[in-house]
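Bear in mind that the values in this text are calculations on the coordinates, not laboratory data. Source: prediction; values computed, not measured. Cβ sites come from the backbone with ideal geometry, for glycine too, and all protein chains shown count toward neighbours.
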Amino acid sequence: MATSQDSTTSADRVDDDELIDLVPTMQFERDHSDDPRPGVANLAAGSMGSLTGEVQTLRRSRLGAAATFLAVAYGVIFLWILFGSGADGWLVWTLMGSRCVLAAGIAFVLMSRAALPTSQLRVLEYALFGGITLILMIAQYQVNLDLMRSGDALGTIAYMKNGVIQMFTLMILYGMFIPNPPRITAKVVLTMALAPVISFVLLVENEEVSSVVDQLRTSEQVGSNVLFLLIGAALAVYGSHVLTGLRVELHQAQKFGKYQLGKQIGVGGMGEVYLAEHQMLKRPCALKLIKAEAGTDPITLARFEREVQSAAQLSHPNTIEIFDYGHTDDGTFYYVMEYLQGMSLADLVRVHGPLPAARVIYLMRQVCAGLAEAHGLGLVHRDLKPANIFIAVRGGEFDVAKVLDFGLVKLTKDADSSSALTGEYTVSGTPLFMAPEQAAGAKDLDARADVYALGAILYYMLTGQPPFQAEAVIQVMIAHARDPVVPPSVLVPSIPKDLEQIVIHSLGKKPEDRYQDVKAMGKALASCSDALAWNDELAEQWWTEVAKTEIVL
């Protein structure tokens with residue numbers, strides 16, 4: 001018996017860890033605003049995907065790294081001067097120590113969680129590099145003045161060269177670390193390059209040390225220092241130009257048609273999922289694309305395209321909505337779907353444990369309603385599992401169930417095209433939630449296979465574990481076909497009897513032993529004694545009070 005690549009299988013063991021989906025399509029995001037709804041600030045119009053926003057984030061991290069580097073470097077030099085070099089004088093210690101303190105203070109502010117707009121980042125940027133430049137200029141003037149007063153011409157020349165080297169390093173650091181257009185970088189580094197020159201001019205104008213100044217005015221001394229500073233400025237500007245170009249190219253490379261790619265929010269066997277934004281509408285969405293290594297597999301591409309076409313036919317609010325479909329110039333296929341805030345059913349149970357019966361009924365009735373439309377169009381999902389049911393906060397409503405991932409859908413109204421994508425005697429699906437006839441590789445699957453999967457999902461929601469577990473995949477499949485299911489009330493005694501009967505009936509070994517369609521299953525759920533015990537108000541309370549403390553990125 002062959003197993004397709006889409007099966008959630010393990011060669012050695014099938015246990016609770018496999019309940020965590022390999023394709024976590026969308027995750028629950030939270031912001032830190034006062035709005036109790038998850039992720040409201042994160043999805044503000046135009047908040048994602050712009051190059052300006054990317055540079056803003058990069059500026060803060062790079063500026064923080066530069067400040068930290070300078071704080072450490074100046075700290076080491078200060079200690080070396082204080083204990084190792086033999087240099088003395090409060091002026092040298094103070095000037096070097098002040099640079100260390102300035103850089104450390106700015107690094108501390110940047111590493112904090114405080115929100116900093118662009119204007120404040122600019123102030124910190126100029127405070128760091130402008131402050132260090134000013135201190136360096138003061139040091140060059142005062143220390144060189146003392147050396148010249150003592151008649152130490154060689155010491156003066158050496159200290160001037162030391163200042164030029166420091167400024168050269170500072171300019172390169174600015175050009176390479178701080179994301180700015182080349183023209184802004186040029187203005188800043190050329191201003192920095194003037195600092196040693198200004199210090200020298202002030203010394204030249206000081207009549208007190210005129211006897212030593214004559215030895216410093218040689219074209220060799222002045223010219224080499226100025227040339228070195230100009231080279232440093234040119235390298236900084238060129239580095240800024242190259243890095244700016246690379247950032248623009250990367251930003252452009254992250255565009256898929258009309259969509260700007262954001263962070264990755266899911267990865268699995270068939271593709272990857274990214275948070276994206278429509279460039280004109282500024283609408284957040286989820287973009288799914290085929291992995292590069294899978295792009296050469298015609299069956300994978302056909303399944304991917306079928307998933308789009310199948311899901312695009314559906315308009316029920318409890319199934320994922322498809323917005324767009326296309327491919328890039330390099331042949332990468334992608335489609336765009338609605339972006340959901342919340343968490344998968346697998347994550348919900350894994351984090352919070354088994355759900356109360358009333359909430360289980362509330363959610364599963366929505367799932368049945370969404371699948372009823374799909375089944376009516378001849379679509380059998382075949383891969384229903386907790387990870388493919390998403391519990392969302394959407395449009396001000398809470399606990400909105402969404403059926404995801406129609407990649408293994410079977411077209412019962414066009415059996416030839418469906419079987420061509422799976423192959424004869426091939427098993428596709430997830431063994432922990434797979435109907436017996438599906439595990440046996442039956443070619444005539446119908447909607448009752450999905451009913452069985454929903455029964456297994458109900459079992460998982462109520463108990464926190466699937467109905468059958470074993471050491472190997474084949475043992476799980478055999479158990480689905482042969483073994484009687486342990487009543488869920490054995491594991492959780494508080495489960496109502498009427499709901500337990502629905503679970504047992506849905507898990508009938510033969511298709512004719514189950515509910516014959518999801519509509520019948522939904523009606524049975526609606527008749528349970530706890531059917532009205534969970535509502536919109538309780539759902540909103542849970543999300544705002546329980547899930548409020550979580551940040552799942």
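One table, with the values for the structure above:
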quantity	calculated
Simple label model, 7 Å out from Cα along Cβ direction - residue 501 to residue 194, nm	8.9
Gain in span if fully extended, residue 201 to residue 537, counting 0.36 nm per residue against the direct Cα distance	113.4 nm
Members of 385/519; 443/510; 385/443; 187/263; 402/523 lying beyond 23 Å, as alpha-carbon distances in this model show	187/263
Highest to lowest packing among 116-124, 143-151, scored as the average C-beta count within 10 Å	143-151, 116-124
Inter-probe distance in nm under a simple model that places probes 7 Å from Cα toward Cβ, at residue 489 and residue 77	7.9
Sparse-neighbour loop sites [GluC sites (Glu not before Pro); the stretch 466-553; at most 15 other C-beta within 10 Å; DSSP]	471, 550
For peptides 190-198, 432-440, sequence by mean Cβ density within 10 Å, most packed first	432-440, 190-198
Projected label distance in nm at residue 529 and residue 58, using a 7 Å step from Cα toward the beta-carbon	6.3
FRET efficiency, residue 101 to residue 162 (Cβ-Cβ, R0 22 Å, nearest 0.05)	0.60
